[in-house]
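Participant: Quick one: structure below, then a few questions.
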Amino acid sequence: MKKIKAGIIGGTHGMGKWFARLLKKQDCTVYVSGRKTKLQANDLARLCDVVVVAVPISATADIIRQVGPRLTKDQLFMDLTSLKKEPVKLMLQNSPADVIGCHPLFGPQLKDVSGQNVIVCPGRGKKWLAWLNGVFKKNKMAVWKATPEKHDKMMAVVQALNHLNTITLGMAISQMKITPAEINKFSTPIFRAKMDIIRKVFVESPALYVDIITGNPQIGKILGHYETVLKDIGAKIKSGNRIEPKETLEKAAGKLYGRKN
Ligand SMILES: NC(=O)c1ccc[n+]([C@@H]2O[C@H](COP(=O)([O-])OP(=O)(O)OC[C@H]3O[C@@H](n4cnc5c(N)ncnc54)[C@H](OP(=O)(O)O)[C@@H]3O)[C@@H](O)[C@H]2O)c1
């Protein structure tokens with residue numbers, strides 16, 4: 001079989017760079033582009049069999065609209081975006097190529113990806129789907145097929161609600177005028193791990209986390225649940241009565257784990 005040429009738009013850093021390494025290991029010829037590289041997104045569209053969009057969420061739609069019409073039906077157009085409904089819809093609308101939405105559920109710093117989840121949203125065509133599944137399976141990753149809608153619904157919990165919770169915790173601590181160094185001396189292992197996550201969200205990639213939360217189609221619903229729960233449990237705690245909050249937790253445990261109260 002002829003050597004596959006893959007072009008990663010946004011392959012100079014982060015997830016794109018991670019994917020470039022993975023494809024090189026599979027014996028693909030890999031080209032990458034960033035904002036300042038000699039080869040640009042349109043060059044990759046012309047040169048490559050597989051074109052991957054791995055730019056920040058805020059730049060994804062424009063890149064898809066720019067590159068999509070330059071592809072032919074023999075090529076694969078895919079992305080690594082943390083949200084799937086909008087990018088998959090745009091790839092299908094703007095290109096005749098085969099289309100796959102993909103979301104690896106880990107960050108680029110992870111050394112060993114074996115056993116890690118990756119979501120694949122088939123958009124158009126079968127040939128490239130088998131190839132991509134093969135690439136992930138060879139690296140012992142757990143590949144799950146989902147519609148873009150199902151993916152975004154689950155990410156509303158795994159990412160939007162989860163990161164919203166981290167942001168709320170970080171913001172509350174920041175209002176209390178206690179430094180992380182001071183907190184560290186009093187921290188349990190679990191709290192130290194939480195402080196590490198707060199640092200990652202607030203310092204390393206605030207734009208990525210804000211995009212993941214604000215871009216999720218389910219965010220209104222998630223915020224509604226979050227506000228209702230906080231208001232309800234807050235009122236019960238403030239009342240000074242310890243039975244009611246305990247019963248609330250037990251009732252939720254029943255819903256989560258099917259435990260009888
Ligand atoms: N980071 C994660 O944990 C993670 C996990 C799963 C999925 N994702 C998804 O992966 C995608 C990239 O995120 P990331 O965290 O890897 O971002 P990143 O580290 O900031 O890397 C973004 C890449 O895109 C390039 N880029 C930025 N703006 C561009 C533009 N306007 N046009 C063309 N290229 C541009 C950058 O190149 P230059 O800086 O060289 O210009 C860089 O190579 C996002 O869709 C994100 O949702 C991220």
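The values are calculated or read from the model by the stated rules, or taken from the named source; none is laboratory data. Just so it is clear, the model here is predicted, and its values are computed rather than measured. Glycine gets a Cβ as well: all are built from the backbone with ideal geometry, and neighbour counts include every protein chain shown. Heavy atoms of the whole protein, side chains included, go into the accessibility calculation; ligands, DNA and RNA do not. Shrake-Rupley method; radii C 1.70, N 1.55, O 1.52, S 1.80 Å.
Participant: Given +1 on the Cβ of Lys and Arg, -1 on the Cβ of Asp and Glu, and no further charges, what dipole in debye does the chain carry about its Cα centre, rounded to the nearest 20?
Facilitator: The calculation lands at about 600 debye.
Participant: Tell me the Kirkwood radius of region 221-261: reciprocal of the mean inverse pair distance over distinct alpha-carbon atoms, in Å.
Facilitator: Every distinct Cα pair counted, the radius reaches 11.0 Å.
Participant: With every protein chain in place, what's the accessible area of residue 154 (1.4 Å probe, Å², nearest 10)?
Facilitator: Roll a 1.4 Å probe over it and residue 154 shows about 90 Å².
Participant: Give the relative contact order (percent, whole number) for region 150-257; include only Cα pairs under 8 Å separated by 6+ residues.
Facilitator: So the answer I get is 40 percent.
Participant: On to the next question. Need the full-extension length gain, residue 178 to residue 21, defined as separation in residues times 0.36 nm minus the C-alpha distance. One decimal, nm.
Facilitator: Using 0.36 nm per residue and subtracting the Cα-Cα distance, I get 52.4 nm.
Participant: A follow-up question, please. At a 1.4 Å probe radius, carbon and sulfur cover how many percent of the accessible area of region 5-146?
Facilitator: The nonpolar share, carbon plus sulfur, comes to 53 percent.
Participant: Calculated FRET efficiency, residue 62 and residue 248, Cβ-Cβ r, R0 30 Å, to nearest 0.05?
Facilitator: Efficiency at R0 = 30 Å is approximately 0.05.
Participant: Under a 10 Å cutoff between Cα atoms, tell me which one of 60, 37, 29 has the largest fluctuation in the Gaussian network model of the chain.
Facilitator: Comparing 60, 37, 29 in a Gaussian network model of the chain, the most mobile one is 37.
Participant: Can you list, bin by bin at 10 Å, the percent of alpha carbon pairs in region 164-217, starting at 0?
Facilitator: 23, 52, 21, 4, 0
Participant: Does region 1-55 come out rounded, prolate or oblate by the C-alpha gyration tensor, with a ≥ b ≥ c the root eigenvalues, rounded set by a/c under 1.5 and, if not, prolate when a/b is larger than b/c and oblate if not?
Facilitator: Because a/c hits 1.5 or more and a/b fails to exceed b/c, region 1-55 counts as oblate.
Participant: So which lysines pass the test for residue 177, namely a Cα distance under 30 Å, with those fewer than 8 places away in the same chain ruled out?
Facilitator: Correct list for residue 177: 185, 194, 200, 231, 236, 238.
Participant: From the Cα gyration tensor of region 5-146, with a ≥ b ≥ c the square roots of its eigenvalues, which class applies: rounded if a/c is under 1.5, or else prolate if a/b is larger than b/c, or else oblate?
Facilitator: rounded
Participant: Moving to a separate point now. Can you give the log10 of the normalised intensity I(q)/I(0) at q = 0.21, 0.24 Å⁻¹, computed with Debye over equal Cα scatterers of region 150-257?
Facilitator: Debye curve over Cα of region 150-257, log10 I(q)/I(0) at q = 0.21, 0.24 Å⁻¹: -1.23, -1.25.
Participant: Can I ask one more? Keeping all protein chains in place, calculate the accessible area per residue for the chain (probe 1.4 angstrom), answer in Å².
Facilitator: So the chain comes to 60 Å² accessible per residue, rounded to a whole number.
Participant: Next up: Report, to the nearest whole %, how much of the accessible area of region 150-257 belongs to carbon and sulfur atoms, 1.4 Å probe, protein only.
Facilitator: On region 150-257, the fraction of accessible area on carbon and sulfur atoms equals 64 percent.
Participant: Still on this structure: With a 10 Å radius around each residue's Cβ, average the other Cβ atoms per peptide and rank 47-57, 244-254, highest first.
Facilitator: Taking the mean over residues of other Cβ atoms within 10 Å, the ranking is 47-57, 244-254.
Participant: What percent does the relative contact order of region 1-40 come to when contacts are Cα pairs within less than 8 Å and at least six residues apart?
Facilitator: Reported relative contact order: 45 percent.
Participant: Given 189, 160, 219, which one lies farthest toward the positive end of the charge dipole of region 150-257, if we put +1 on the Cβ of every Lys and Arg and -1 on the Cβ of every Asp and Glu?
Facilitator: 189
Participant: Over what distance in Å are the Cα centres of region 1-79 and region 101-154 separated?
Facilitator: If you average the Cα positions of each part, the centres end up 17 Å apart.
Participant: Considering amide H positions built from the backbone, and no H for Pro or chain starts, which residues 5 or more places from residue 30, or on another chain, come under 5 Å of its amide H?
Facilitator: Amide H neighbours of residue 30: 6.
Participant: Okay, moving on. Given N residues in the chain, what is Rg(Cα) / (2.2 N^0.38 Å)?
Facilitator: Relative to the rule-of-thumb radius for its length, the chain sits at 1.18.
Participant: Follow-up question, since we're still on this one. For the chain, set up a Gaussian network in which alpha carbons nearer than 10 Å are linked by springs, and say which option among 219, 173, 100 fluctuates the most.
Facilitator: Among 219, 173, 100, the largest mean-square fluctuation in the Gaussian network model of the chain belongs to 173.
Participant: Now for a separate question. Counting other Cβ atoms within 10 Å, keep those with at most 16, restrict to DSSP loop, and tell me which trypsin sites (Lys or Arg not before Pro) in region 21-125 are left.
Facilitator: When the trypsin sites (Lys or Arg not before Pro) of region 21-125 are filtered for loop state and at most 16 Cβ neighbours within 10 Å, 35, 36, 38, 73, 111 remain.
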